[in-house]
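Step one of this worksheet: look at the structure below.
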Amino acid sequence: MKIFLCTFTILTIFVFQSCDFNETELNYNEQLVVFASITAGLPILDTVLVSRTASVNEDVITNDLWINDAVVKLINDSTNEILSFNNVGNGQYFPLPETPSNEQVTTYLNFVIQPDYRYRLVVTHENDSIMAMTTVPDSFKLNSADLGDYECPDGEVIPTKMVNVNNLEGYSIEHLSQLLLDPQDFVIENNIDVDSVVYRFGDCFTKSFASYPFFGVDFDSDNFQTIKILSFALEANVRGLEPLDSLSTILDPDSGGFVDYNYNGIRDSVFVNLIYDNTLGFRIWKGSYLRDENSVPYRINPWQWNIETSPTPVMWLYFNYYGYQLMTFRATSQSYFDYFSGDPVGQNIYLLPDSNFDGGLGVFYSNYSSSFLVYVKRDG
């Protein structure tokens, strides 16, 4: 026992003498923060966001951190072509100003992001200049996946569906803009083969991320570390009267019972394609509904998720609305994977995301996108 105590005492002295507990004061340096992305085969679609950091002792509101007088340039390293960006408010920059000239529009449309090319984004503000690079993925192909049968918690076995994941191949950006304006007419006029899936409720279908998959999507996961999925409901803004409460109508056809989405006791206009579910499980996975100034509920659109493996099941969590859905799978560059391997949502205040900006924070990444249409139907 004496030998043990002696040894422990010596080790304790050694440890405390070896560690330096003197706090080192770190000087805060303000930095630029930039978020930007580019997509292969298309002109610039997303705005570049430019802001600055703030010290923990600085009394400042978030909106005051946006920078609206920066110089933003995108450079094609292979051709040395330069595309300049304009400030469009709230720290956002886009190649076109609010009222572009014909020349500006032509320049914008001709600057198409090329697969397998390297691009540099340079942002300058006052005495600071930061730069990041990304190499655009060279290709990305989707295939429909056969996920076989799915066994529900109660033992029921249901086959999963295979859908057409290539029904928008060959359509230009002009065509896709028409799709966004009127999806029903676009599908009919172009005779597009759009598969439908039924959104059903219950333990088998809306219980967790492992619930019944509507369909599966396959891709070459060996060549890409992160795939970003966007599910964009094209008919989310359709409005109409709140739906009748089917149970009340059955019990008393003259009751006039309806689902009061906005809690005002009046059957009025709401987003009728919203998938509405107030069960506990639904709220756990998707949270409470957002509400506008009239308390009308809605969900974020598009819905986004990151995956790393294939084939991937697409289940209820991907959809917030009924109707046509533009499903986009984006094969992202290494910089996107590195950034989200850090802690971009700030769960650990001592860990910063892995930025690829030299001299600043944020991320500049590229992607190769593949999109298709699917239709989400009501059950019954």
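Side notes on the structure shown:
- Close amide H partners of residue 275, meaning residues 5 or more places away or on another chain with modelled amide H under 5 Å apart, are 321, 322.
- Relative packing of peptides 55-66, 287-298, 306-317, 90-101 - highest average C-beta neighbours within 10 Å first: 306-317, 90-101, 287-298, 55-66
- Degrees, to the nearest 10: 2-18 long Cα axis against longest axis of the chain: 90
- When the chain is reduced to its Cα atoms, the Kirkwood hydrodynamic radius in Å: 24.6
- Between the alpha-carbon centres of segment 123-168 and segment 282-342 there is a gap of 11 Å.
- With only the Cα atoms considered, segment 32-136 has a convex hull volume of 104 Å³ per residue.
- Cβ-Cβ FRET estimate between residue 57 and residue 127, R0 fixed at 25 Å, reported to 0.05: 0.65
- Sites residue 152 and residue 334 - FRET efficiency at Förster radius 35 Å, r taken between beta-carbons, to 0.05: 0.30
- Segment 88-192: trypsin sites (Lys or Arg not before Pro) in DSSP loop, at most 16 other beta carbons within 10 Å: 141
- Lysine pair count for the chain (Cα-Cα distance under 20 Å; residues 8 or more apart in sequence or on different chains): 8.
- Dividing the summed -39500 (n - 2.57) terms of all DSSP H runs of n ≥ 4 by the residue count of the chain sets its mean residue ellipticity at 222 nm at -4500 deg cm²/dmol.
- Working from Cα pairs under 8 Å separated by at least six residues, relative contact order for segment 32-136 is 29 percent.
Any read-out appearing in this document is the output of simple, stated calculations on the displayed coordinates, not a laboratory observation. Predicted model only: the values in this text are computed from it and were never measured. Cβ coordinates were reconstructed from backbone atoms using ideal geometry, including for glycine residues, and neighbour counts include every protein chain displayed.
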